[in-house]
Each structure stands twice: as structure tokens, then as C-alpha cells.
Amino acid sequence: MIIFVLISIIDALELSLSNQCECSELVNPNDCDSAGCLWKDVCTDYNCTSIPDQKSCNEALRCAYYQGQCSDYVSCVAYSGVYEYQCRQFGCTISSTPYQSAYQCADPALEMIECSSYLDKDNCLSFGQGACSFDKICRGTICSDMKTQDKCNIIYSGNFISPHLCLWTNNQCISANNTSFLNEGNCMNETLFTYHWSSNCTLCSDKSGQPLDGLLVIIYASLLVSI
């Protein structure tokens, strides 16, 4: 369920999830490996069907072991008649009442949180799941709310749909309006796989209108668990 909210206006760089990198765009071997792709002089899609066993398939980021074989990860809704733990393993939730312990998998819910609906600090910080902060009133989190360097990277201001990028400088967390401060080692991870390294931190191509592939589903599932 999507809950609409008026979000505080912030000038941090918004990361568009439609810019998720494809294997063929990556020119750095480390980025290629991090994205679950295969490096052979150039970055290519992993041949999931060549993986012979379930354990190795489950460890491959863009692959899924389903119906007795390893294949390319498609989307959560493609997997049905499976156990709950398998849906979780795919980075999915479950969407239907089980029949003999079998479930239909579903994409994890990416909600917009109505921060202003929480009137006290405890509820604001607890139910806001990191997307809300309390400063006399409950409001969307902004970069300056992050007081330590390890927390100053990506914020979810009132939602888990439009992450924004922050920068730690002069012992404070501020809004980042570009990616010039990122380097070869952190460009891709710090931008949720929407930028890659090619002499600088470069935006991947826009794929608006296309469904998010398995990689982002897994990333977002892990974010929702870790917040």
C-alpha cells in the first residue's frame, strides 16, 4: 500500500532507480563483480543456466534456483508454488495465503511514510524506520540529521522510493548535489548501483518504464531489513 506524504524539500542528489546499471555498461572489473555480472575482458551477463548446483546459484546475485534449475532472476511475481523461505531467499515477500505451504512471491513493499502522522518522538523514530526524524515535530529525514560519518551516505526522506545522496565534510553531513566526491571503490555501492566507475562516477542509462530487475529487489529488501 502506498501512503502519500508531503516530503520536506531537500537539495540532495536524488538517485533514480530507473538508472540501475546493466552488466554491458560496466567497464570496471570490480563494479562488474559487485553487480553480479561476469568479467571476461568485458562485463557480460552471468550465464545462470550453466551453474550446476543450488548453493552456487543462490550465491549468484542475478540468478535464482527455481523448479530444480538455476536461471536468470526475473521478478518476484514470476515465482509461485514455493516455500516462504524461498521467497525470502529471492529477496521477495509473500502475497497470498499458502496452499499446502506453497506461496506466491511478491515484490517488497516500498512505502512512502507519512511522518507528520506520528505525534511523539518514540513512534516517529520507531515506525518511521529511519525515513523520519524528530525535531519538535516528526518530519522527513534530511542529511544534517546524520551525526556520524558512517551514517552519512544515503537518506530516505519520508519514503523508500527516492533515496538521496549525502556527503560528510568538515565533520558534518550535508546534501550532495553531485557524485564528484565518490571514487572507484565506492561509486557503485554508494549510489545503489545507479552509477558506475569510468574515470569518474558516471550515471547509468535511464530505463524508465522498465520493471526493476532482481538486483534492486534484493538491494531494497536488505535495506528495509537493516534500517
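The values are calculated or read from the model by the stated rules, or taken from the named source; none is laboratory data. Given the structure is predicted, the values throughout are model-derived calculations rather than measurements. For neighbour counting, all protein chains shown are included, and Cβ atoms are generated from backbone atoms with ideal geometry for every residue, glycine included. Just the protein is used for accessible areas: all its heavy atoms, side chains included, with ligands, DNA and RNA removed. Shrake-Rupley method; radii C 1.70, N 1.55, O 1.52, S 1.80 Å.
Stokes-Einstein diffusion for the range 25-70 at 4 °C, viscosity 1.567 mPa s, with a Kirkwood radius from C-alpha pairs, works out to 118 µm²/s. Within the full protein context, the accessible area of ILE113 is estimated at about 10 Å² for a probe radius of 1.4 Å.
Note: relative contact order over the range 8-79, using C-alpha pairs below 8 Å and six or more positions apart, is 19 percent. Straight Cα distances below 18 angstrom link LYS136 to the aspartates and glutamates GLU114, ASP120, ASP122, ASP145, with same-chain residues fewer than 8 positions distant left out.
Charged neighbours of TRP197, selected by a Cβ distance under 12 Å, balance to -4 (K, R count +1; D, E count -1).
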